[in-house]
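Engineer: This is the structure I want to talk about, given as structure tokens.
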Protein chains: 2
Amino acid sequence: MHIGQYPFEEFIEKVKSFHGSVAPGIIAGGIMVDIARKNLPDGELFDVICETGHCLPDAVQLLTPCTIGNGWLKIVNTSRYSMTFYNKYTGEGVRVYLDAEKLKGWPEISGWFFREKPKHQQNLDGIILQFKEAGDQIFGIQKVRVKPDFIIGKKKAKAPIIICPSCHEAYRSDLGTKCPACQGNGPYV
Amino acid sequence: MHIGQYPFEEFIEKVKSFHGSVAPGIIAGGIMVDIARKNLPDGELFDVICETGHCLPDAVQLLTPCTIGNGWLKIVNTSRYSMTFYNKYTGEGVRVYLDAEKLKGWPEISGWFFREKPKHQQNLDGIILQFKEAGDQIFGIQKVRVKPDFIIGKKKAKAPIIICPSCHEAYRSDLGTKCPACQGNGPYV
């Protein structure tokens, strides 16, 4: 079995190096990336949306040119276990999701996915083995079209950068008369 | 000059490989990671918050164990050019930001930061050269304490996973009686 360009065991090593540990979600994510690519036209230049921030974004960052920082990978958190690869000029894409209804024959994956056991009681080797056996069988695929916000040429132009009168740092002028942090939406006490 | 564990030119190669191109923001980000680390206690286990999704998260992912998918890196978008390294048990941390008031002697950096020219008219080599010369001179540093949401043991317990009655996919039960996508907050038309 391969994940992306890597033999399975080599992918596991890449995961350890980047993600810090082998988590079931990143194995799922690797399989999902492969399904999405197989269902895109050859040579398509794609952007990616992950619907959760857990694990899946790291599979995308390991296996595709799309990263959070270069903007080709975005997270729109619906908490669903899903990723979409789409043409950034047309918005047409392929959405791959873990299909809960297909998990009945896969108790280790199901136990992990529905958080039936605390993490330290999960059998990681058993979960990974079931992912290898299940392959693409437990995933669903849909054609989708993304909203204009995610399409090149239909996005709003970037607003000018101005200085916040409160913290004196630079921020995007369309976000208000003070920066979002000074409006109370920052991460600090 | 080094960025993290890499000689400058080797960092540039790492950036090209991961981020796809050399963007000024990721050079800034590399310098910011180094400033943050120098100002943390030795051996401190840290989590990171970036206040923008542009470029900075990729510097963090290249230079630290923190990634979006493993949850040690979070983005709280205030649009300010800043990152915070903090102790995940106490919430105490160090915030590094690009200080707009210190940019007066650095026209190439200033032109990029305030988007004075479109991207294709920017002088990338000139910007990078000024970042190398400026080093930590154009950044500010603050002690901060992050909100309880970001502190281990003070976060809310994870809600159970349930099936959305509308799309039949799994989602976190505390997000509503339907999943966020079926509430209209998904990325699709």
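Where a number appears in this text, it was derived from the coordinates with a stated rule and is not lab data. Computed from a prediction, not measured in an experiment: that's the story for all the values here. Cβ atoms come from the backbone with ideal geometry, glycine included; neighbour counts cover every protein chain shown.
Engineer: Looking at the calculated P(r) for the protein assembly as shown, what percent of the C-alpha pair distances fall above 27 Å?
Structural biologist: 51
Engineer: What gaps in nm, shortest first, separate B:His120 from its twins in the other copies when you place the label 7 Å past Cα toward the beta carbon?
Structural biologist: 5.8
Engineer: Something else now. Once phi is turned into ³J(HN,Hα) by the Karplus curve 6.51 cos²θ - 1.76 cosθ + 1.60 with θ = phi - 60°, what whole-Hz value does each residue of the range A:13-18 show in order, with x for glycine and proline?
Structural biologist: After applying 6.51 cos²θ - 1.76 cosθ + 1.60, I find 5, 4, 4, 4, 5, 8 Hz.
Engineer: Quick one: compute the contact order of chain A, relative version, from alpha carbon pairs under 8 angstrom and 6+ residues apart, as a percent.
Structural biologist: The value is 17 percent.
Engineer: Can you give me the long-range amide H partners of A:Phe139? Hydrogens built in the peptide plane at 1.01 Å from N, cutoff under 5 Å, separation of 5 or more residues or another chain.
Structural biologist: Correct list: A:Asp99.
Engineer: Could you identify which residue out of A:Thr67, A:Thr90, A:Thr177 has the top mean-square fluctuation in a GNM of chain A using Cα springs shorter than 10 Å?
Structural biologist: So, out of A:Thr67, A:Thr90, A:Thr177, the one fluctuating most is A:Thr177.
Engineer: By the gyration tensor of its Cα atoms, with a ≥ b ≥ c the square roots of the eigenvalues, what is the shape of the range B:37-189: rounded for a/c under 1.5, prolate for a/b over b/c, or oblate?
Structural biologist: Because a/c hits 1.5 or more and a/b fails to exceed b/c, the range B:37-189 counts as oblate.
Engineer: Test of understanding: in a Gaussian network model of chain A with alpha carbons linked when under 10 Å, which of A:Ile161, A:Ile141, A:Ile31 would top the mean-square fluctuation ranking?
Structural biologist: Of the options given, A:Ile161 has the highest mean-square fluctuation.
Engineer: Connecting C-alpha atoms closer than 10 Å in a GNM of chain B, tell me which of B:His168, B:His19, B:His54 has the biggest fluctuation.
Structural biologist: Comparing B:His168, B:His19, B:His54 in a Gaussian network model of chain B, the most mobile one is B:His168.
Engineer: Can you compute 3J(HN,Hα) from phi for each residue in the range B:48-60, using the Karplus curve 6.51 cos²θ - 1.76 cosθ + 1.60 with θ = phi - 60°, rounded to whole Hz and x for Gly and Pro?
Structural biologist: 3J(HN,Hα) across the range B:48-60, in whole Hz: 10, 10, 9, 8, 9, x, 7, 6, 3, x, 6, 4, 5.
Engineer: Quick one: check the C-alpha center-to-center distance for the range B:150-189 versus the range A:137-189, whole angstrom.
Structural biologist: 21
Engineer: Just want the ordering: A:Ser82, B:Ser173, from fewest to most Cβ atoms lying within 10 Å of their own Cβ.
Structural biologist: Taking fewest neighbouring Cβ atoms as first place, the list is B:Ser173, A:Ser82.
Engineer: Please arrange B:Arg37, A:Arg95, B:Arg115 by counting, for each residue, the other beta carbons lying within 10 Å of its beta carbon, fewest first.
Structural biologist: By the 10 Å Cβ count, ascending: B:Arg115, B:Arg37, A:Arg95.
Engineer: For n ≥ 4 DSSP H runs only, could you compute -39500 (n - 2.57) per run for the protein assembly as shown, divide by its residues and tell me the 222 nm figure to the nearest 500?
Structural biologist: Helices in the protein assembly as shown give a 222 nm mean residue ellipticity of -8500 deg cm²/dmol.
Engineer: Shifting gears a bit: Once you put a point 7 Å from the Cα of A:Lys158 and another 7 Å from the Cα of A:Ser21, both along the Cβ direction, what distance in nm separates them?
Structural biologist: With each label point 7 Å from Cα toward Cβ, the separation is 3.7 nm.
Engineer: If you don't mind, another one. Residues with beta-carbon under 13 Å from that of B:Gly20, excluding B:Gly20: net charge, scoring Lys, Arg +1 and Asp, Glu -1?
Structural biologist: -1
Engineer: Could you pull the copy-to-copy label distances for A:Gly184, with points set 7 Å along Cα to Cβ, in nm to one decimal and sorted shortest first?
Structural biologist: The answer, with the shortest distance listed first, is 2.4 nm.
Engineer: Can you tell me the orientation of helix B:124-134 relative to chain B, as the angle in degrees between its alpha-carbon axis and the longest Cα principal axis, to the nearest 10?
Structural biologist: 80
Engineer: What list of ³J(HN,Hα) values in whole Hz, one per residue of the range B:161-170 in order, does the Karplus curve 6.51 cos²θ - 1.76 cosθ + 1.60 (θ = phi - 60°) give from phi, with Gly and Pro shown as x?
Structural biologist: These are the phi-based 3J(HN,Hα) values: 8, 10, 9, 5, x, 9, 9, 6, 9, 7 Hz.
Engineer: I'd like the mean, over residues of A:157-170, of how many other protein chain beta carbons sit within 10 Å of each residue's own Cβ.
Structural biologist: Shielding by partners across A:157-170 averages 4.
Engineer: Okay, next question. Report the chymotrypsin sites (Phe, Trp or Tyr not before Pro) located in the range A:27-114 that are in a DSSP loop and have at most 14 other Cβ atoms inside 10 Å of their Cβ, or state none.
Structural biologist: Passing sites in the range A:27-114 are A:Tyr89.
Engineer: Further, regarding this structure: So for A:Val48, A:Val96, A:Val189, fewest C-beta neighbours within 10 Å to most, what's the order?
Structural biologist: In increasing order of surrounding Cβ atoms, one gets A:Val189, A:Val48, A:Val96.
Engineer: Ok, one more. Taking the label point as lying 7 angstrom from Cα along the Cα-to-Cβ axis, what are the distances from A:Lys147 to the corresponding position in the remaining copies, in ascending order and in nanometres?
Structural biologist: Here the equivalent label points are 2.1 nm apart from this one.
Engineer: Would you mind checking which residues have amide H under 5 Å from B:Trp72's amide H? H placed 1.01 Å from N; only 5 or more apart, or other chain.
Structural biologist: B:Thr67
Engineer: Continuing with the same structure: Quick one: in chain A, whose Cβ comes closest to the A/B rotation axis, and how close in angstrom?
Structural biologist: A:Ile68, 3
Engineer: Also: How long are the three semi-axes of the equivalent ellipsoid of the range A:144-189, in whole Å, if each is the root of 5 times an eigenvalue of the C-alpha gyration tensor, listed from largest down?
Structural biologist: Whole-Å semi-axes of the equivalent ellipsoid: 27, 14, 7.
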